[in-house]
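**Student:** Just dropping this structure here.
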Amino acid sequence: MTSMALEGNARSQADWKMLKRLLVHVMRDKRLLLFALIAYPLDALAAILPPFLVRQILDVAIPRHDADLLLWFCGAYLATLFLEYGAGFASLYAMGILGQRGMQSLRRDLFAHVQRLPASFFDRNPVGRTLTRLTNDVEAVSDVFATGAVTIIADVLTICAVVGMMLWLDVRLTLLAFLVVPPLVLMAAVMQRYARISFREVRKHIARINAYLAEHIGGMGVVQTFRQEARTAQEFTKLSAEFRDANRDAIFYDAVLFAAVEAIGTAAVAVLIWFGALDMTTGIVGAGTLVAFIQYIRRFFVPIRDLSTKYTVLQSAFASAERIFQLLDERVTIVSESDAKPMEQLRHEVALEDVWFAYREPEQDADWVLRGVSLRVRKGERVALVGATGCGKTTILKLMTRFYEPQKGRVTVDGIDIRELELTSLRRAFAVVLQDVHLFSGTVMENLSFGADATPAAVEAAAKLVQADDFVRKLEKGYATEVAEWGANFSAGERQLLAFARAMVANPQVLVLDEATSNVDTETEARIDHALDVLLADRTAIIVAHRLSTVRKVDRIVVLQRGQIVEEGSHAELMRGDGLYKRLVELQFAEQMG
């Protein structure tokens, strides 16, 4: 067997697998599916009756001069037309609705799956690429139903019914008419291979465009600040040109197949008229039979022609389905085990025990972000992680909340490996406040209650505690104010205060602050410092910070260097020594004085 044949066979098997997976979503409404499947055969049956009735009119009713029979055939002809159009409408409408429900189900499952993917997936994949799977690719599959391509079932039934009727009327004329079909089948088989490749390229380039737009529109301030509009426009023009070229190939194969079907269909009619006319002169074939054959051959090639158009949609859909199922097949590596225990109240400590970690499979020593780190944070203790950028501070926080898992060692809560704890309850015990605050669309109230089912009174109380209530109430609609995209209608300091309020509402057992005060002005920092005293009271806290005003509040400072703990102690203890912490403090003091 040739490599092309092997490739074609493998592709066919893959297509069937994808089709089965799509049908799982479409077949959830079985009653509507049954209705559509009943309408398809009715449509196919109605399609073959009109030409047969024309034959009866020309070869039977008219030669007999039987007006009643003529009237009956004409009435039956009109009835079959109504049946054909009615059944066609019903099947198309039912399958269209069914398809949209199926795509809604697919989109829901896809988004639910994306939410369960590990953080490492988002490290590897740009947002625009994932967004394309959820939008453009699902829309491309949806086009199968929206454009009626799914009625390929009805088209195949119609073709089979037409061929059967033609063979019943005249075998010889049928074989002559279909002499042109083998070249069409061969061309379709060749086109399939190249069309699929071209549609894969189309989907790949639209993903690149989406990724580029998501990145540069989100960073438009940086683009404008550095006056790079012309360069980014040029890069986008290049991406658009590549997308255009990929579409041009897809359009070419579509046009070739459509034109071939039209030409071959016309050739079939010409062959039929030529030999049919010769048979009429000898009396072998009646005029009604020839007219019926001409109508049948046209009815045969109409669905064939439609199939060529739907074929393009199907190839695009299969290319998108490949990408959708590739995303759905991404392994969810961080999950709760079947026998996982819910995390209860923290009794003793959160700990890292001889943890080694790398964001990618370590091939050399430099790949390790953490090297044999052992750290214990006791209940009620406030611990600060200090060190140069890239030393592993934020990584420790991600391991404690199980967004990543260590390659060696383990992370424990009260001596229990967190892999044995139920994931949702583990993360519910933590509240994380990041340097870059993410606010969602919706009201201020909805954003502040995002992490907990809290009453408006509880939300407002938390906002007052972190001194966010005063500026929220000055807004035109107060807590009902809509948050602009990325929280653009708030300053950086206000966004930080809202993030603190959100953490307060969640009432976590462990509070995690990741550079949470590094982006605020002096006045706002003073307000946050006051709120921190209340927020951290009787609460376990792990703080990543550079500013001394934050670090001095903690019970213990852990200094990291190149993925290892090099010092531990209070601010006063570490300043009495001559280690890294003292040098960092002196450097920061010098920068402030300078």
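The values are calculated or read from the model by the stated rules, or taken from the named source; none is laboratory data. Being a predicted model, the structure only gives us computed values, none of them experimental. Reconstructed Cβ throughout: ideal geometry from the backbone, glycine too, with neighbour counts over all protein chains shown.
**Student:** Does Glu405 satisfy the condition of being acidic (Asp, Glu), surrounded by 15 or more Cβ atoms within 10 Å (Cβ to Cβ) and modelled with pLDDT of 90 or more? First the steps, then the outcome.
**Tutor:** Working: acidic (Asp, Glu): yes; surrounded by 15 or more Cβ atoms within 10 Å (Cβ to Cβ): yes; modelled with pLDDT of 90 or more: yes.
Here the answer is yes, as Glu405 does meet what is asked.
**Student:** Ok, one more. If you take the residues of the stretch 447-501 that are over 32 Å from the mean Cα position of the chain (by Cα) and not in a helix (DSSP H, G or I), which of them is modelled with the lowest pLDDT?
**Tutor:** Residue satisfying both the conditions and the ranking: Val466.
**Student:** Sticking with this one: Given the conditions (1) more than 27 Å from Val141 (Cβ to Cβ); (2) under 27 Å from the mean Cα position of the chain (by Cα); (3) not in a loop (DSSP other than H, G, I, E, B), which single one is not true for Tyr359?
**Tutor:** (3)
**Student:** Within the group Phe440, Phe450, Phe430, which residue is touching a residue at least 12 places away in the same chain (Cβ under 8 Å) and either in contact with a Ser or Thr (Cβ under 6 Å, 6 or more places away or on another chain) or over 19 Å from Met504 (Cβ atoms) (or both)? Give the steps one after another, and end with the answer.
**Tutor:** On the way: Phe440 fails: either in contact with a Ser or Thr (Cβ under 6 Å, 6 or more places away or on another chain) or over 19 Å from Met504 (Cβ atoms) (or both); Phe450 fails: either in contact with a Ser or Thr (Cβ under 6 Å, 6 or more places away or on another chain) or over 19 Å from Met504 (Cβ atoms) (or both).
Just a single option satisfies the conditions, and that option is Phe430.
**Student:** Go through the residues of the stretch 393-408 one by one and say whether even a single one is of a type in the set (Asp, Glu) and not assigned by TED's automatic domain parsing to the domain that holds Ile543.
**Tutor:** So far as the stretch 393-408 goes, yes, one or more of its residues are of a type in the set (Asp, Glu) and not assigned by TED's automatic domain parsing to the domain that holds Ile543.
**Student:** Does the stretch 54-64 include one or more residues that are free of Cβ contacts under 8 Å to residues at least 40 places away in the same chain, assigned by TED's automatic domain parsing to the domain that holds Arg200, surrounded by fewer than 19 Cβ atoms within 10 Å (Cβ to Cβ) and on the phi > 0 side of the Ramachandran plot?
**Tutor:** no
**Student:** Please state which one of Ser142, Ser91 is crowded, with 19+ Cβ neighbours inside 10 Å, touching a residue at least 40 places away in the same chain (Cβ under 8 Å), under 15 Å from the mean Cα position of the chain (by Cα) and over 30 Å from Ile334 (Cα atoms).
**Tutor:** On the way: Ser91 fails: under 15 Å from the mean Cα position of the chain (by Cα).
None of the others qualify; the one that does is Ser142.
**Student:** When the residues of the stretch 539-560 are narrowed to those that are more than 23 Å from Asp578 (Cβ to Cβ) and more than 42 Å from the chain's Cα centre (by Cα), which ends up modelled with the lowest pLDDT?
**Tutor:** Residues of the stretch 539-560 more than 23 Å from Asp578 (Cβ to Cβ): 539-544, 549-550, 553.
Still in the list and also more than 42 Å from the chain's Cα centre (by Cα): 549, 553.
Values: Ser549: 64, Lys553: 76.
It comes out as Ser549.
**Student:** Just wondering, is there one or more residues in the stretch 433-456 that are within 26 Å of Val373 (Cα to Cα) and not β-branched (Val, Ile, Thr)?
**Tutor:** Residues of the stretch 433-456 within 26 Å of Val373 (Cα to Cα): 433-435.
This time we only want the ones that are not β-branched (Val, Ile, Thr), so: 434-435.
Checking the stretch 433-456: at least one residue is within 26 Å of Val373 (Cα to Cα) and not β-branched (Val, Ile, Thr).
**Student:** Determine which member of the set Arg371, Arg419, Arg347 is part of a strand (DSSP E or B) and outside the structural domain of Leu134 (by TED's automatic domain parsing).
**Tutor:** Working: Arg419 fails: part of a strand (DSSP E or B); Arg347 fails: part of a strand (DSSP E or B).
Exactly one residue qualifies, and that residue is Arg371.
**Student:** Turning to a different aspect of this structure: Every residue in the stretch 556-589 that is closer than 22 Å to Val355 by Cα and of a type in the set (Gly, Ala, Ser), please.
**Tutor:** Those that are closer than 22 Å to Val355 by Cα and of a type in the set (Gly, Ala, Ser): Gly563, Gly569.
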